[in-house]
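This report refers to the structure that appears directly beneath it.
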Amino acid sequence: MNTRITTIVVFLLGCMVLSNHLSAQETKKLSLKEAVELGLQNSKHLKIDQAKIQEATAAVEEAKNHQLPDFKVTGSYMRLAQVNLDMKMAKSSSGSGSSSGSSSGSSFPTVSQAMYGIANVSLPLYAGGKIRYGIESSKYLLEAVRLNEGNDKNAIAYNLTEAYANLFKSAQLIGVIRENLAASQHRDSNFLQLENNGLMARNDRLKAQLQTSDIELQLLEAQNNNAIANVNMDLLLGLPETTLIEVDSSFIIAAEEQPVTYYEEQAIQNRKDMQALGYQEKAAQTGIKAARADYFPSLALTGGYIAVDVPKVLSVTNAINGGIGVQYSLSSLWKTGASIRKAKAQVQELTASRDLLTDNIRLEINRDYQNALLAKKKIDVNVQALTQAEENYRITKNKYDNSLVTITDLLDANASLLSSRIKLLNAKADAALASQKLLEASGTLIK
């Protein structure tokens, strides 16, 4: 009686654990568009890009701050040791004709401390254009950083699409293998009855069961790949790892391709990395002007206030000063040339990089265009191959039923049929992915 009660309790606990496990796995159905949008919202790479944009924006503000006045305040309190104070002016003014010969004229109070404070303000009026060019350059670099974020978005969107395609293929593969496994297990049951009735050799039945075992192994591997693809998709989307993603089968509908020249033109117009290089080149050209500004003097409006207090000796207040200051470094006459050559070299490097990127884009467009055409042709070939495999299996099955072929021929025909179904499934997903890759290369995957 106790054993029976224990068994019931264990069964109920097992049901509770299984129920909690199933409830913890939330199923979420997402279209490709929804998956891309969610992935972009939670992308850690884009968060890094946002931080870079904030840094570049702060650099613009920092460049603008050079237009503002500089205000410095300096103060000090000094405790002095015994000071030997010799004031020449005091000696000369007292004169040597004093008849009294009193020593009071040459004695001075003891100085043990001193305090002073200085406040200076300087407003730049002219710096050879260096401040203006610095602001202009930082703005160009800010635009380049923003465009790099757009380029990263385009690349991340394709990575999400690729992950979505892998999840789709692994999920559909499980369905195909399960269908084939069910048919194979049903066939094994029929073969077992034939063997029991003495109508089939045991060796032939074992061959059929061996193929069923191989199909079961394929199913286990497909389920494992699907689990890995699902976790990868969860991480990309920022979802809990236990979330089961259900993909939309309309993903395999590939877009209609345009002529290759159309994608080349779109890439030149829309590729963010190309536009970012353009702004970097403008910033480098501005850097040449900024380097040349060292040849010119700087002009600033200055003002200040000084206060000094040496107890019993000296007190200075209301010492206000103002004027215009000019600063020029003569060493710039022989040092600035190197800075200008360096800035020009940076412009040449960026120009060459832009030309190289243009060639790489054209090559990438043509490669992805040919891959998209090839992927579509593979669908037609695999459709024809599946039709042939189905017909071959039908004929082989009829021949086997009439004892015209061996069990090995039947199993080979079944294996070819399964392989053809899997290849067609993968070909459709690869064609859709190739179409998305072409859009990514042309910079139009995200409008």
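Number of residues in region 236-268 that are closer than 30 Å to GLU143 by Cβ and free of Cβ contacts under 8 Å to residues at least 24 places away in the same chain equals 4.
Between a residue in region 107-134 that is more than 20 Å from ILE324 (Cα to Cα) and any residue that is of a type in the set (D, E, K, R) and surrounded by 14 or more Cβ atoms within 10 Å (Cβ to Cβ), which pairs come within a Cβ distance under 6 Å, given they are 6 or more apart or on different chains? Note: pairs meeting the criteria are MET115/ASP309; TYR133/LYS289. Could you go through region 204-219 and let me know if any residue there is in contact (Cβ under 8 Å) with a residue 60 or more places away in the chain, within 20 Å of ALA375 (Cβ to Cβ), β-branched (Val, Ile, Thr) and assigned to a helix (DSSP H, G or I). For region 204-219, residues in contact (Cβ under 8 Å) with a residue 60 or more places away in the chain, within 20 Å of ALA375 (Cβ to Cβ), β-branched (Val, Ile, Thr) and assigned to a helix (DSSP H, G or I): absent. Taking the stated definitions as given, is GLY134 under 30 Å from LYS289 (Cβ atoms), in contact with a Lys or Arg (Cβ under 8 Å, 6 or more places away or on another chain) and of a type outside the set (Asp, Glu)? So GLY134 does not fit the description; no.
Tell me which residues, restricted to region 175-203, are without any contact (Cβ under 8 Å) to a residue 24 or more places away in the chain and among the acidic types (Asp, Glu). Scanning region 175-203 gives GLU179, GLU195. Within the span defined as region 329-347, every residue fails to be modelled with pLDDT under 90, among the β-branched types (Val, Ile, Thr) and in a loop (DSSP other than H, G, I, E, B).
Take the residues of region 273-319 that are charged (D, E, K, R) and farther than 25 Å from VAL121 by Cβ: which is surrounded by the fewest Cβ atoms within 10 Å (Cβ to Cβ)? Out of the qualifying residues, it is LYS312.
Return the residues of region 247-265 that are exposed (fewer than 15 other Cβ atoms within 10 Å of the Cβ) and either among the aromatic types (Phe, Trp, Tyr) or under 26 Å from the mean Cα position of the chain (by Cα) (or both); say none if nothing qualifies. Those that are exposed (fewer than 15 other Cβ atoms within 10 Å of the Cβ) and either among the aromatic types (Phe, Trp, Tyr) or under 26 Å from the mean Cα position of the chain (by Cα) (or both): TYR262, GLU265. State all residues of region 293-328 that are charged (D, E, K, R) and part of a strand (DSSP E or B); if no residue qualifies, say none. ASP309 - this is the single residue of region 293-328 that is charged (D, E, K, R) and part of a strand (DSSP E or B). Sub-7 Å Cβ pairs linking a first residue in region 289-314 that is closer than 19 Å to ILE135 by Cα to a second residue that is charged (D, E, K, R) and crowded, with 17+ Cβ neighbours inside 10 Å, at least 6 apart or interchain, are ALA290/LYS130; ALA293/LYS130, ordered by first then second residue. When the helices (runs of 4 or more DSSP H) confined to region 1-107 are screened for residues that are modelled with pLDDT of 85 or more, those reaching at least 1 such residues are found at 32-41, 44-65.
Among the residues of region 392-409, some residue qualifies, meaning at least one is under 52 Å from the mean Cα position of the chain (by Cα), in contact (Cβ under 8 Å) with a residue 24 or more places away in the chain, surrounded by fewer than 21 Cβ atoms within 10 Å (Cβ to Cβ) and part of a helix (DSSP H, G or I). Can you confirm whether ALA155 is free of Cβ contacts under 8 Å to residues at least 24 places away in the same chain, closer than 30 Å to ASN230 by Cα and surrounded by fewer than 20 Cβ atoms within 10 Å (Cβ to Cβ)? For ALA155, the condition - free of Cβ contacts under 8 Å to residues at least 24 places away in the same chain, closer than 30 Å to ASN230 by Cα and surrounded by fewer than 20 Cβ atoms within 10 Å (Cβ to Cβ) - is not met. Somewhere in region 357-369, is a residue under 42 Å from the mean Cα position of the chain (by Cα), under 30 Å from ILE422 (Cα atoms) and either small (Gly, Ala, Ser) or not in a helix (DSSP H, G or I) (or both)? No: region 357-369 contains no residue that is under 42 Å from the mean Cα position of the chain (by Cα), under 30 Å from ILE422 (Cα atoms) and either small (Gly, Ala, Ser) or not in a helix (DSSP H, G or I) (or both). Is there any pair with a first residue in region 46-61 that is among the basic types (Lys, Arg) and a second that is assigned to a helix (DSSP H, G or I) whose Cβ atoms are under 7 Å apart and which are 6 or more apart or on different chains, and what are they? Every condition considered, the pairs that remain are LYS52/VAL145. Working only within region 321-350, note down all residues that are of a type in the set (A, V, I, L, M) and closer than 18 Å to ALA293 by Cα. Those that are of a type in the set (A, V, I, L, M) and closer than 18 Å to ALA293 by Cα: VAL326, LEU330, LEU333, ALA338, ILE340, ALA343, ALA345, VAL347. Is region 167-174 home to any residue that is within 35 Å of the chain's Cα centre (by Cα), under 29 Å from LEU32 (Cβ atoms) and free of Cβ contacts under 8 Å to residues at least 12 places away in the same chain? No: region 167-174 contains no residue that is within 35 Å of the chain's Cα centre (by Cα), under 29 Å from LEU32 (Cβ atoms) and free of Cβ contacts under 8 Å to residues at least 12 places away in the same chain. Screening TYR133 against (1) among the hydroxyl-bearing types (Ser, Thr, Tyr); (2) surrounded by fewer than 20 Cβ atoms within 10 Å (Cβ to Cβ); (3) part of a helix (DSSP H, G or I) leaves a single unmet condition, (2).
The residue of region 317-335 that is farthest from GLY128 (Cα to Cα), among those that are in contact (Cβ under 8 Å) with a residue 24 or more places away in the chain and in contact with a strand residue (DSSP E or B) (Cβ under 8 Å, 6 or more places away or on another chain), is ILE324. Going through (1) hydroxyl-bearing (Ser, Thr, Tyr); (2) in a loop (DSSP other than H, G, I, E, B); (3) closer than 30 Å to ALA291 by Cβ one by one, THR110 falls short only on (3). Sort out which residues of region 168-202 are within 29 Å of ALA431 (Cβ to Cβ) and of a type in the set (A, V, I, L, M, F, W, C), and write them in order of number. Passing the criteria: PHE168, ALA171, LEU173, ILE174, VAL176, ILE177, LEU181, ALA182, ALA183.
The values are calculated or read from the model by the stated rules, or taken from the named source; none is laboratory data. A quick note: this is a predicted structure, and the numbers were derived from the prediction, not measured. As a convention, Cβ positions derive from the backbone with ideal geometry for all residues, glycine included, and neighbour counts pool all protein chains shown.
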